[in-house]
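**Student:** Can you keep this structure in mind? I'll have questions shortly.
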Amino acid sequence: MELPLSQLPASEQAMWRDAAADVHWYQPPSQLLDDSQPPFYRWFPDGTTNACYNAVDLQVEQGRGDQAAIIYDSPVTASQRTISYNQLLEQVSRFAGLLRQQGVEQGDRVLLYMPMIPEAAVAMLGCARIGAVHSVVFGGFASNELAVRIDDATPKVVVTATCGIEPNRVVEYQPLLNQAIELASHQPAASIVLERPECPAQLGPRDIDWQSGVAAAPSVDCLPLAANHPLYILYTSGTTGQPKGVVRDTGGSIVALKWSMANIYNVKPGDVYWAASDVGWVVGHSYIVYGPLFNGNTTVIYEGKPVGTPDAGAFWRVIEQHKVKVLFTAPTAFRAIRKEDPNAELMHRYDLSSLQALFLAGERCDPDTLNWALEKLQRPVIDHWWQTETGWSICANCLGREQLPIVAGSPARPVPGYNVAVLDEQGEPVAAGTIGALVVKNPLPPGTFTTLWNAPQRYQSAYFEKFPGYYETGDAGYIDDNGYVFVMARTDDVINVAGHRLSTGAIEEVLAGHPAVAECAVIGIACPMKGQLPMGLLVLNAGVSQSEDEIVAEAIAKVRADIGPVAAFKLCAVVNRLPKTRSGKILRATMRSIADGAPWKMPATIDDPVILDEITAALATLGYPAELPAAG
Ligand code: COA
Ligand code: AMP
């Protein structure tokens, strides 16, 4: 492979050359990186490959046909299923055939609205097989959010199941999806619907039954695709209500994710790997579906929660039963487990000898939670930092290379391929230990996003303009004298709720739509369990006759209906005014200037004393009176 003209250090060139040699190409790339149009970098530009082939067909060819590819473990439906690589190949080939029968061709988009069942992975791989670009939407989003994504991705086909299952309810997907299609301007030609036993299908004129459709479909082969062909679009929250469609390419993803399985997570083909997340998030794309399968692992698809299904020992039961070697989840899951089982009595009932390490990401890991997990598990607990945009770790303790000392509060050092720096507002590097904007020097490594769907201009302006030559992560933090990176907060209006990334701007747009609301602001306040919770502050129109309590209740219901339960929006208060700049811009980040002691009320839904204390403290710093009315 010829060397690129870029500034890439020779060691990195060698590393990616070796990593690329470790995956299947129909046409191996002769060039490592096309850096002729920064920041639109193209890795392995003239290679051709296929993600489904690398994930499934290749594993079968290499002798793993009878090995479990997927273990589906669903405490919420009291069921389990194992799917071998041979069976996965059969299912994926036929699903791809069904897509083809619906007219789906290379480059067409397919939107997936699926719960945590193996068919979600089958549908993703089926798309990749024929070069269709999938876009998975998390099941906790409601119709409006779905409609926005349908209009942006303009899918030819949508794929869904009749329901998802939350511990307290069955979430019927079909009505949500149908309403979304009604709201959207773009109309998909067909919906493929998987009927689950918990909820019968209601098939309309555009709906196709998954089971009978797949049974009648031909098996189709993988299509060789250009390395830079989009593998998927994954929408994530930005500053405004319009989500960003992160585009990931095919070749870079295969190379980087396979490399990460060995070098970061230290797992070998045949090992059982479990990312307890959801296919609707980037963790699910990279580490429930693609990464483990590229590496010949067995991946666990877990449909349930860390607590309450049936108890806080659920994760330990799965680890013992399936001999999980690496568990990856969000710190919030551990905070939930710790709350229920502070002395780890449930944990110690299970044989966890298979577990080599726990990896945490998705939000800042507070040192208290990390230390608890370390003490109770007595094995490496690795905090690692990454984002939907990067698709895999920016900073981590790379267990497959060399284990560094674990420092609570830090996801360790930059992973090879990422050149991380901290800059001040003027774009100048700051001294060690000083907080600033966390940035990564261009080019980003393979497997990171290549553009934003339909928005290349936004890709440039949102990420590459403020600090020329760097990718702006949107996170603030510092690097200490040992080169350890500390990620402290977002620099934008994005908040992180239970490991889920949310846009305060999107919630504000919904609140502003309430007829009684003159203006509003949403801020993230500290929550001991979920990390942050969104809180809405509403200024009402003069002369509104409705009671404040009624308006607050309607506002909360509206966010749930428009964005979805995932917004976890339950805190809302009426205030007299919001702090603004002279030009009228609301100062969300500096709300402490509210000093007028505005009369306000907490809704009766807040009954957790810890949250009440947090809110009291948060609001006190905002200049609100520190006294809260009694809950209830
Ligand atoms: N479909 C429909 N609704 C969903 C959903 C889905 N796929 N996922 C979550 N929801 C709902 C929940 O039922 C809840 O509804 P409620 O207000 O009626 O209770 C709401 O969305 C908020 O969900 P969440 O914030 O996840 O809270 P929770 O109490 O259900 O669970 C945790 C809390 C900590 C147990 C859970 O968030 C968790 O396990 N998180 C860690 C793992 C993870 O997914 N990380 C993401 C990236 S790594
Ligand atoms: P998402 O794109 O949903 O994966 O969210 C990415 C954001 O989550 C990052 O920009 C950070 O703000 C936060 N995040 C993820 N992992 C970590 C971590 N290990 N430490 C601190 N923040 C994290």
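**Student:** How big is the C-alpha Rg of the range 396-495 next to the rule-of-thumb value 2.2 N^0.38 Å, as a ratio?
**Tutor:** Numbers: Rg = 14.2 Å, N = 100, 2.2 N^0.38 = 12.7 Å.
It is 1.12.
**Student:** Also, I was wondering about something else. Normalised by the number of residues in the range 98-176, what is the relative contact order in percent for Cα pairs under 8 Å and 6+ residues apart?
**Tutor:** 37 percent
**Student:** Tally Lys and Arg at +1 and Asp and Glu at -1 over the other residues with C-beta under 11 Å from the C-beta of residue 147: what net charge comes out?
**Tutor:** Around residue 147, the surrounding residues sum to -4.
**Student:** Under 14 Å from the Cβ of residue 167, count the other residues' Cβ atoms, weight Lys and Arg +1, Asp and Glu -1, and hand me the total.
**Tutor:** -3
**Student:** Over the chain, one equal point on each Cα, no solvent: what is log10 I(q)/I(0) by the Debye formula at q = 0.06, 0.07, 0.09 Å⁻¹?
**Tutor:** -0.31, -0.43, -0.73
**Student:** So which lysines can residue 441 reach, going by Cα to Cα under 22 Å and dropping same-chain residues fewer than 8 places off?
**Tutor:** 244, 466
**Student:** Quantify, in whole percent, the carbon and sulfur part of the accessible surface of the chain (1.4 Å probe; protein heavy atoms only).
**Tutor:** Looking at the chain in its full context, I get 50 percent from C and S.
**Student:** To the nearest 10 square angstrom, how much accessible area does residue 82 have with a 1.4 angstrom probe?
**Tutor:** For residue 82, solvent-accessible area is about 80 Å².
**Student:** Once you put a point 7 Å from the Cα of residue 512 and another 7 Å from the Cα of residue 216, both along the Cβ direction, what distance in nm separates them?
**Tutor:** 4.9 nm
**Student:** Which value, in debye to the nearest 20, describes the size of the charge dipole of the range 396-495 about its Cα centre when Lys and Arg Cβ atoms bear +1, Asp and Glu Cβ atoms bear -1, and nothing else is charged?
**Tutor:** Using only the charged Cβ atoms, the result is roughly 360 debye.
**Student:** For residue 353, what charge total do you get from the other residues with a beta carbon under 11 Å from its beta carbon, if Lys and Arg give +1 and Asp and Glu give -1?
**Tutor:** Values: positive: 323, 325, 379; negative: 320, 351.
Net of charged neighbours comes to +1.
**Student:** Tell me, what is the percent relative contact order of the chain, built from C-alpha pairs under 8 Å that lie six or more residues apart?
**Tutor:** Values: 1417 pairs, mean separation 70.8, N = 632.
11 percent.
**Student:** Here's another thing I want to ask about it. In sequence order, what are the phi-derived ³J(HN,Hα) couplings for the range 324-333 according to the Karplus relation 6.51 cos²θ - 1.76 cosθ + 1.60 with θ = phi - 60°, rounded to whole Hz, with x for glycine and proline?
**Tutor:** Karplus-based 3J(HN,Hα) across the range 324-333 equals 5, 8, 10, 10, 10, 8, 9, x, 4, 5 Hz.
**Student:** What number comes out for accessible area per residue over the range 396-495 if the probe is 1.4 Å? Units Å², please.
**Tutor:** Accessible area per residue, the range 396-495: 42 Å².
**Student:** 5 Å is the cut-off here: which amide hydrogens, built 1.01 Å from N in the peptide plane, fall below it relative to residue 69, excluding neighbours closer than 5 in sequence?
**Tutor:** Under 5 Å from the amide H of residue 69: 83, 84, 85.
**Student:** Suppose we flag GluC sites (Glu not before Pro) only when DSSP calls them loop and at most 13 other Cβ atoms lie within 10 Å. Which is the longest uninterrupted stretch of the chain? Intermediate values should be presented prior to the final figure.
**Tutor:** Details: sites that count: 105, 345, 402, 425, 465, 627.
Between exposed loop sites, the widest span is 106-344.
**Student:** Restricting the calculation to Cα positions, tell me the Rg (one decimal) and the Dmax (whole number) of the range 1-98 in Å.
**Tutor:** 18.6, 56
**Student:** Quote to one decimal, in nm, the extra length available between residue 350 and residue 209 on full extension: 0.36 nm per residue of separation minus the C-alpha distance between them.
**Tutor:** That works out to 46.7 nm of additional length.
**Student:** Mind checking the dipole of the chain: about its Cα centre, +1 per Lys or Arg Cβ, -1 per Asp or Glu Cβ, Debye to the nearest 20?
**Tutor:** For this selection, approximately 240 debye.
**Student:** For residue 529 and residue 546, compute 0.36 nm times the residue count separating them, minus their Cα-Cα distance, and round to one decimal in nm.
**Tutor:** Numbers: separation 17, 0.36 × 17 = 6.12 nm, distance 3.35 nm.
2.8 nm is the gain from fully extending residue 529 to residue 546.
**Student:** For residue 401 and residue 151 in one chain, what is 0.36 nm times their gap in residues minus the Cα-Cα distance, to one decimal in nm?
**Tutor:** Working it through step by step, the gained length comes to 85.6 nm.
**Student:** Find the relative contact order for the range 202-326 and round it to a whole percent, using C-alpha pairs within less than 8 Å whose residues are 6+ positions apart.
**Tutor:** 18 percent
**Student:** May I ask you to evaluate 6.51 cos²θ - 1.76 cosθ + 1.60, the Karplus curve with θ = phi - 60°, for each residue of the range 111-127 and list the ³J(HN,Hα) values in order in whole Hz, giving x for glycine and proline?
**Tutor:** 9, 10, 10, 9, x, 7, 10, x, 4, 5, 5, 4, 5, 4, 5, x, 5
The values are calculated or read from the model by the stated rules, or taken from the named source; none is laboratory data. Note that the structure is predicted; figures quoted are calculated from it, not measured. Backbone-built Cβ (ideal geometry, glycine too); neighbour counts: all protein chains shown. SASA here: full protein model, heavy atoms, side chains in, ligands and nucleic acids out. Shrake-Rupley method; radii C 1.70, N 1.55, O 1.52, S 1.80 Å.
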